[in-house]
1. Among (1) within 11 Å of the ligand (Cβ to nearest atom); (2) outside any helix (DSSP H, G or I); (3) not aromatic (Phe, Trp, Tyr), which single condition is residue 119 missing?
2. Give region 79-94 a look and list any residue that's free of Cβ contacts under 8 Å to residues at least 40 places away in the same chain and within 24 Å of residue 31 (Cα to Cα), or say none.
3. Suppose the filter is at pLDDT 95 or above, near the ligand (Cβ under 6 Å from one of its atoms) and within 16 Å of the chain's Cα centre (by Cα); does residue 45 pass it?
4. So, residue 59, is that one modelled with pLDDT under 95 and either part of a loop (DSSP other than H, G, I, E, B) or within 6 Å of the ligand (Cβ to nearest atom) (or both) or not?
5. Could you go through region 81-103 and let me know if any residue there is loosely packed, with under 12 Cβ neighbours inside 10 Å, part of a helix (DSSP H, G or I), more than 16 Å from the chain's Cα centre (by Cα) and of a type outside the set (Val, Ile, Thr).
6. May I ask you to list the residues in region 14-42 that are within 18 Å of the chain's Cα centre (by Cα), in a helix (DSSP H, G or I) and at pLDDT below 90?
Amino acid sequence: MRNKTILSISFSLLWFVSCNPTDYKKHNNLEMRTYLDGKNAYESNCSACHGKKGEGFNNLYPALNNSSLYQNRSNEIPCTIFYGRKGNVVMPSFKNLNTETILAITNYLMEEYQSEGTKKFFDKNNLEETIKKCSNN
Ligand code: HEC
């Protein structure tokens, strides 16, 4: 009986360790879980227009994969997600997403497309501050 219990505990531990490796790994600079949350949320909310790899679509939807966005106007990422944009083509607002999801999408994009060496990320506080201070809103 005791042996059985020990055996089943070790199997559960083995399962836990082997099936949850993402909890312990990092994706270069970002916690793996944040990276994957961001990637999933990007794919379900953004990639239809901006492309799975942020490549954009013709002149309609701007590319997000190769842009000055990440150098000096990274604030525009959470601002655009939260408020949307009205250019020639409208980007809808994603206000309905919670702060954690907006944070995960923003940091996912920054991890993927910021140039190496200069990587900066948002945390929850400065993301909320940034959204409060977005210009034109
Ligand atoms: C229905 C299509 C559509 C969806 C969905 C969409 N966007 Fe956009 N996005 C646009 C358009 C159109 C623009 C350009 C608006 C303009 O002309 O200013 C834009 C602009 C942007 C910009 C500014 C790019 C730059 O270089 O200035 C960012 C950042 C952005 N989108 C991120 C996102 C993210 C992140 C999501 C998912 C949460 C998303 N978008 C979902 C259509 C979309």
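1. Residue 119 satisfies every listed condition except (1).
2. At the first step, the residues of region 79-94 found to be free of Cβ contacts under 8 Å to residues at least 40 places away in the same chain are 80-81, 84-90, 92-93.
Result: 80, 81.
3. Values: at pLDDT 95 or above: yes; near the ligand (Cβ under 6 Å from one of its atoms): yes; within 16 Å of the chain's Cα centre (by Cα): yes.
Against the criterion (at pLDDT 95 or above, near the ligand (Cβ under 6 Å from one of its atoms) and within 16 Å of the chain's Cα centre (by Cα)), residue 45 qualifies.
4. yes
5. no
6. 22, 23
The values are calculated or read from the model by the stated rules, or taken from the named source; none is laboratory data. Here the structure is a predicted model, which is why all the values come from computation and not from measurement. Methodologically, a virtual Cβ is constructed for each residue, glycine included, from the backbone with ideal geometry; neighbour enumeration extends over all protein chains shown.
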